[in-house]
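Quick notes on the structure that follows.
The values are calculated or read from the model by the stated rules, or taken from the named source; none is laboratory data. Computed from a prediction, not measured in an experiment: that's the story for all the values here. No Cβ is skipped: glycine too gets one built from the backbone with ideal geometry, and neighbour counts run over all protein chains shown.
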């Protein structure tokens, strides 16, 4: 019977995919038939074109040229940095106009079909095409009437977008992959220091449970990790050495399942490695870092504080024995010299690029011990407060208050001393990247890809370090991760047909995570580690069409997608880990969407979208707890609905955009919320979240603002998110038991302001990013909205800082051979408080991790020795600040002052 049901589900899924494919093809055929004459007109340009392009920044001039000539343009943004174009006017051929525009620039061009490629023979920079499912970063792409400049993309886009380039990642990569998001307004990564080298993206206060769709080359490798009563970590694994750039969409999009946003990471392509004019390319990178020490099992950090109290009522005239005391170990105060190499990394990437084939293979390795905290700031310190009444735990119970003759307390923000070794932060990773791409005639291409990631990381359950009195202990075992991802991508983009830009993708990820066990069963192997095996795969097909009518231009994207997740504990986990009951279940989701942009006149664009998604899940858990809400192993979720969106963009002047966007987006419970485990029971009454989001913003681009060759860009935005039926967690009493469970609160609200600005002049660049939260509140009921998170909800430590400011400055010197720069970042206090504990005499199930406002300064220098070798140096946390990261689940500090040096060879 079960087999029959499964077969029916598979058959239904296949029919859905076939129907979506047939619908897509039929729609393309109808569009092509109905607008064939229009499409044909676009491909038969006259011999001469009337141009009226003023003298301006070369990038803007090429944008204007391509728009006028109906061409797609590919170039790297650094080619045109600081360059001006002469005015081009009159009736000219494309070649004549290009000759005038590029006169004196040193750049070359080629036109193949409808694609114009700009190249720099001096620097051998290669323009490459974007991989399916992402935009091409560090490149300008113009597609018949619209343009996107990678360095300028957010300032051309009428939506809250950001991007992080490969160059920025290299300059400010930090000690953890999570650090690469610092400096992006409204975007952070949680669990930066206890995340086993993973990223856990938070966008505007929303995080985890699939709220942020995070992909690597279009595929997912995410896993949820239990952190005791401190909640969960949502981890995605990637090696920064293989990243070519990150494209970020804040807020929902009809083509994505993320209601808080989308983070699309692109790995290296052959064109990033092979130089112009060559067939083969090789990049070798090696470097070292400082400020770390080898882990030693059993080491203990911070102060051990023992306070002896006496029951009330206190009698001050009695001579109490003072047993309060503190102690600390010297074994973790061994910080190495500032320039002493203590960790290292290396990678090698080889590629081949031919007219019809591309191949790439890369390997990366890195190893680091435990880093040391900074010395300047609110580190652990002992204070004797003298005789007083106090409570040390479960303070909502009156009998827990006692009289202390001398109460000793830690006045720091973490139980680590200045410069102390931060235990369980060691990390060792190996990564492998393989890609092959074959291009056929008429825009057909097939790409196969594989990414492998293995890590051994120091870690611990965050509830073991969620207060100022608990001490970190170096664990003997590590957390081990093994992830294997395969991708298949097909694309058909004929150069002479704007109605077809077809993409089909298939991907799958097998991920294993193994953790040390707190209380293994009797007889368990000495090095036994428990954990789940997670298998995730997905497929999607989409098409992009552009055409013109007598009433305006239309741009459409439409497609279907499917994803399945299957998680279960290993057999060894079932046998030996008797304390935890890991999730065992499946979740599937399918969706269909369409997005349309209508431009009736040059200064107005109206866009709209619709997404329909449907999710179903099955809980296979074999837990011992039973309660009336459900029967374990039989839980089912089936939810779906429509997600509409609408927006308008007004461009009254050149370089100026005003936009307003609205969306109402559905998110069904994730596999974490739909499948039971030890730390959480599901609730079949749980409804899907619906995010009603408003975005209002403006973009400004101006050349010649102060000098003849400068360019200034500004992006301003206001957002207001109202998430109805926000899925949270609470402590719940059942008739014969109690546990935490998933449930819906009335809503959660997030609103705020964001700003990005960039200024460039003759090799100088300044970038400013800032955000400010106007409101963060959680409403358990419609009448009980508070600027506080709920006492047992995962969102407790997902609330971002009230505001943040990041300023990055760079300057090129010595004929652009030397680049120096730095970034200063300020992080404020938390944007909301924490809710009261439950009234049933229980402590907080999730402790709010406290941080204090802090400022970090990072500096770097890059020197191009010759065409093949580049040396880089950077110092992170220059002022050696002691701080605790926002969005942490453990009360532990970030790394202190660290020096890094590397050498990169390109052949």
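Quick check on this structure: which one of 538, 523, 531, 508 is modelled with pLDDT under 90 and either touching a strand residue (DSSP E or B) at 6+ places or on another chain (Cβ under 9 Å) or surrounded by 19 or more Cβ atoms within 10 Å (Cβ to Cβ) (or both)?
Within the list 538, 523, 531, 508, the selection yields 531.
Residues being at pLDDT below 85 and assigned to a loop (DSSP other than H, G, I, E, B): count how many of those fall in segment 676-704.
The total comes to 8.
Output the residue which, of all residues in segment 543-552 that are closer than 26 Å to residue 256 by Cα and in contact with a helix residue (DSSP H, G or I) (Cβ under 8 Å, 6 or more places away or on another chain), is modelled with the lowest pLDDT.
547
What number of residues within segment 445-470 satisfy the criterion of being in contact with a helix residue (DSSP H, G or I) (Cβ under 8 Å, 6 or more places away or on another chain) and either free of Cβ contacts under 8 Å to residues at least 24 places away in the same chain or assigned to a loop (DSSP other than H, G, I, E, B) (or both)?
1
With the checklist (1) without any contact (Cβ under 8 Å) to a residue 24 or more places away in the chain; (2) surrounded by 16 or more Cβ atoms within 10 Å (Cβ to Cβ) in hand, flag the one item residue 398 doesn't pass.
Here residue 398 clears every test but (2).
Under 9 Å between Cβ atoms, which residue pairs at least 6 apart in sequence (or on different chains) link something in segment 328-357 that is free of Cβ contacts under 8 Å to residues at least 40 places away in the same chain with a partner that is assigned to a loop (DSSP other than H, G, I, E, B) and exposed (fewer than 14 other Cβ atoms within 10 Å of the Cβ)?
Every condition considered, the pairs that remain are 331/298.
Which numbered condition trips up residue 462, out of (1) surrounded by fewer than 22 Cβ atoms within 10 Å (Cβ to Cβ); (2) modelled with pLDDT under 90?
The single condition residue 462 does not satisfy is (1).
One line per residue, one yes/no per condition, for (1) within 28 Å of residue 509 (Cα to Cα); (2) without any contact (Cβ under 8 Å) to a residue 40 or more places away in the chain; (3) not assigned by TED's automatic domain parsing to the domain that holds residue 532:
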site	(1), (2), (3)
559	yes, no, no
562	yes, no, no
570	yes, no, no
593	yes, no, no
608	no, yes, no
612	yes, yes, no
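How many residues, within segment 471-498, are more than 30 Å from residue 307 (Cβ to Cβ) and touching a helix residue (DSSP H, G or I) at 6+ places or on another chain (Cβ under 9 Å)?
Of the residues in that region, 8 qualify.
For segment 650-668, give me the residue count where each residue is closer than 27 Å to residue 703 by Cβ and either in contact with a helix residue (DSSP H, G or I) (Cβ under 9 Å, 6 or more places away or on another chain) or outside any strand (DSSP E or B) (or both).
6
Would you call residue 527 assigned by TED's automatic domain parsing to the domain that holds residue 573, closer than 30 Å to residue 115 by Cα and not in a strand (DSSP E or B)?
no
From the list 380, 364, which residue is in a loop (DSSP other than H, G, I, E, B), at pLDDT 90 or above and within 32 Å of the chain's Cα centre (by Cα)?
380
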